[in-house]
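The values are calculated or read from the model by the stated rules, or taken from the named source; none is laboratory data. Values in this document were obtained by computation on a predicted structure and should not be read as measured data. When we count neighbours, we look across all protein chains shown, and the Cβ atoms used for this are built from the backbone with ideal geometry, even at glycine. With ligands, DNA and RNA removed, areas are computed over all heavy atoms of the protein, side chains included. Shrake-Rupley method; radii C 1.70, N 1.55, O 1.52, S 1.80 Å.
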Amino acid sequence: MAKGQKAALDAAKYRRFYEQMVHIREFEEECLRAFQRGGHGIGGYLHLYSGEEAIAVGIIGALDLAAGDCLIGHYRDHAYALAVGSPPGPVMAEICGKYDGCSKGKGGSMHICDAERGFYGGYGIVGGNVPIALGLGFALKYRAQAGVAVCFFGDGSMNQGAFHETLNMAQLYKVPVLFVLENNGYAMGTSIERSHANTDLTDRVSSFAMNRKKIDGQSIVTVHEEVSQIIADMKKNPAPFFLECDTYRFHGHGAADEAKQTVVYRTRAEIEAAKANRDPIAIAAELLLEAKIITDEDIVRFHDEAVIAAKAAVKFSDDSPVPPADELLKDVYAL
């Protein structure tokens, strides 16, 4: 290959990635519609991932889950489950607290889990998943498995004491954890400018002498190619890595604050500008069309199929029973 020449993209892989992103987007948007309509059992909080799809798909697509790689997420977790291959019906049923959900309806939206596919779940406490990721990575090292544990978290997690304790330990013991900061600019409704004295969040990790990098989280190609190389290096020389993905969420912190977000902490103009210029699906479509990996017909078909799949997931959930009363004390620890 000549110097400066870029390698051709894997057409089959990136077609699959684009299709996954579209399916995740439509699943999330259908969740929002179901939440707003009511009557589908979505109670409590519903945190949507729309606008951040390239990160989940690009990173999970670089993992070898069958060989032992694994991941843990935060409460904006539906996309991770769908990206590892969890069926949409059981994921939607879990969101709605139904018995056919992937956690028997006991976890709900914030605790989607599919351990059989290497996804150890979402986590409802900000930053609470970060120490658990250290345990997942340490288990890989202890068992001499050439694997990597990925931990997804938001910028709010970086102000938790456990975050800094974890990164310090990970570097001391060279634990193979890829710490992925999904920096969408806001912790709930608080911008990083209001909560971080140093808004260069990658720079904040320098105190741990950890390998680190910041990338554009809206480009599926950038995310996947960068992370594929990072993971390959981590498997050759086990050590933690901190990756900041610059991204943007199109909806509010939770589905319930859709109206409040434009008054309290974000303007409608800011949101619409992000949708127009930073939509990872639109960015991927433009690049993959130019590379002749997808066609305009593919774009229409993928979208239509995703809409059908999302509606089918809602029906699956609606048809599922609620957990029976005798399930209440099952799957819990007892002394």
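Computed values, structure above
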read-out	value
Residues of the stretch 287-314 satisfying the condition of being closer than 21 Å to ASP10 by Cα and outside any loop (DSSP other than H, G, I, E, B)	LEU287, LEU288, LEU289, GLU290, ASP296, GLU297, ASP298, ILE299, ARG301, PHE302
Out of PHE153, PHE163, PHE138, PHE179, sole residue that is touching a His at 6+ places or on another chain (Cβ under 9 Å) and either at pLDDT 95 or above or more than 30 Å from TYR14 (Cα to Cα) (or both)	PHE153
Qualifying residue in the stretch 52-75 (condition: closer than 18 Å to ASP318 by Cβ and either aromatic (Phe, Trp, Tyr) or in a loop (DSSP other than H, G, I, E, B) (or both))	no
All positions within the stretch 239-277 that are modelled with pLDDT of 95 or more and either under 30 Å from ALA144 (Cα atoms) or open to solvent by 60 Å² or more (accessible area, probe 1.4 Å) (or both)	ALA239, PRO240, PHE241, PHE242, LEU243, GLU244, CYS245, LYS275, ALA276, ASN277
Residues within the stretch 278-320 that are surrounded by fewer than 12 Cβ atoms within 10 Å (Cβ to Cβ) and either farther than 30 Å from ALA93 by Cβ or modelled with pLDDT under 95 (or both), tallied	6
Sole residue being among the β-branched types (Val, Ile, Thr) and over 21 Å from ASN184 (Cβ atoms), chosen from ILE271, ILE299, ILE283	ILE299
Check on GLU305, in contact (Cβ under 8 Å) with a residue 24 or more places away in the chain and among the charged types (D, E, K, R)	yes
Conditions (1) out of contact with any strand residue (DSSP E or B) (no Cβ under 6 Å at 6 or more places or on another chain); (2) open to solvent by 20 Å² or more (accessible area, probe 1.4 Å); (3) in contact (Cβ under 8 Å) with a residue 12 or more places away in the chain; (4) not small (Gly, Ala, Ser); number of the one not met by GLU225	(3)
Verdict on GLN229 being assigned to a loop (DSSP other than H, G, I, E, B) and closer than 26 Å to PHE17 by Cα	no
Filter pass, ALA284 being in contact with a helix residue (DSSP H, G or I) (Cβ under 6 Å, 6 or more places away or on another chain), part of a helix (DSSP H, G or I) and within 22 Å of PRO87 (Cα to Cα)	no
Residue within the stretch 63-70 that is touching a strand residue (DSSP E or B) at 6+ places or on another chain (Cβ under 6 Å) and at pLDDT 95 or above present	yes
Residue that is most open to solvent (accessible area, probe 1.4 Å) [pool: residues in the stretch 91-112 that are without any contact (Cβ under 8 Å) to a residue 40 or more places away in the chain and assigned to a loop (DSSP other than H, G, I, E, B)]	CYS102
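Let's see how each residue does on (1) crowded, with 21+ Cβ neighbours inside 10 Å; (2) touching a residue at least 24 places away in the same chain (Cβ under 8 Å):
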| position | (1), (2) |
| --- | --- |
| ALA133 | yes, yes |
| MET169 | no, yes |
| TYR173 | no, yes |
| VAL180 | yes, yes |
| ARG194 | no, no |
